Amino acid sequence: MGLDWRPMGKPKPGYEDRFNELYSLLTGPTKPDNKEALREEWFSIQIPTYETIKAPLVGRDKEADDWIKAQYEESEKDVSLEEFVEGMKGYYVILLAKEEDGVPVYMAMGQDENVFRGKFLDSCEDLLGKELYEEAYVSKMADDTLKYGQQLMAVAEKLATEHNATYLKDQRFPPENWDTIEFHIHVIYSAAKWLIFYGKNGHGFEADF
């Protein structure tokens, strides 16, 4: 399966302490008897990541409604347009999100488009060092997510300077040749920017592997 980073929602104002308490209960070594109820409560006090990346919502935003209608035109049209759109109400169109740093190029297959495919860091282990590499497999709350992103950014900046590749920081898509130092620098830059974006906006992430 490999490693994926799934960004977590952030607490609604006034629910910060309860959010952290519930997260500790849900991820701790002891499984509570009412786990499903706690999970439901935890999600109910969250602001979803989709709002933070400014992804348009079907049924609320014209941009999303236009997108879903275009999807209907390419479908087999087994139902009417109205039924198709109604069934997609509440769907966030992540690929149209305004905040690109929260929508990685290195996406995890079969998951939301804002989930970072952390397995790409496997090819960067020697560049990161053992400690930073292993941190990629540890779920983090917002403050630690930001800190980790800053650590990866420092590595990327150092490597980019050494290899005359600082331009990669602002290059969204990776180099064509994946067997180059430039590709590995781009992966680290991308991971750092993703982490910094979510961390500074109050979101942690779950390391799923």
Under 5 Å, built H, 5+ apart or other chain: amide partners of residue 115: 108
Greater than 21 Å apart at Cα, pairs in 62/98; 10/35; 62/193; 98/200; 54/147; 147/200: 62/193; 54/147
Whole-Hz Karplus ³J(HN,Hα) for the stretch 100-108, in order, using 6.51 cos²θ - 1.76 cosθ + 1.60 and θ = phi - 60°, x for Gly and Pro? 5, 4, x, 10, x, 6, 8, 8, 7
Counting only the backbone N, which residues of the stretch 102-127 are under 20 Å from the spot 7 Å out from the Cα of residue 43 toward its beta-carbon? 110-116
Scale the Cα Rg of the chain by the rule-of-thumb value 2.2 N^0.38 Å and send over the ratio, two decimals. 1.14
Need one number: convex hull volume per residue for the stretch 1-123, Cα atoms only, in Å³. 172 Å³
Solvent-accessible heavy-atom area per residue, rounded to whole Å², over the chain at 1.4 Å: 56 Å²
Radius of gyration, Dmax [the stretch 128-209; alpha carbons; angstrom]: 12.7, 35
Of 26, 127, 95, the one that fluctuates the most in a GNM where the chain has Cα springs shorter than 10 Å: 26
Taking one equal scatterer on every alpha-carbon of the stretch 99-153, how large is log10 of I(q)/I(0) by Debye at q = 0.20, 0.25, 0.28, 0.29 1/Å? -0.83, -1.20, -1.30, -1.31
One quarter of the convex hull surface, Cα atoms only: what value does that give for the stretch 68-159 in nm²? 8.3 nm²
Per the 1.4 Å probe, what fraction of the accessible area of the chain, in percent, lies on carbon and sulfur atoms? 50 percent
Read phi for every residue in the stretch 163-176 and hand back ³J(HN,Hα) as whole Hz from Karplus 6.51 cos²θ - 1.76 cosθ + 1.60, θ = phi - 60°, with x for Gly and Pro. 10, 6, 9, 5, 4, 5, 4, 9, 9, 5, 8, x, x, 5
Residues with amide H under 5 Å from that of residue 45, placed H, sequence gap 5 or more: none
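With a cut-off of at most 10 other beta carbons within 10 Å, and DSSP calling the residue loop, which GluC sites (Glu not before Pro) in the stretch 49-157 qualify? Please list them.
Those satisfying the criteria are 74, 76.
The values are calculated or read from the model by the stated rules, or taken from the named source; none is laboratory data. Keep in mind that this is a model prediction, so the values were computed, not measured. Here Cβ is always computed from backbone atoms with ideal geometry, including for glycine, and neighbour counts include all displayed protein chains. SASA here: full protein model, heavy atoms, side chains in, ligands and nucleic acids out. Shrake-Rupley method; radii C 1.70, N 1.55, O 1.52, S 1.80 Å.
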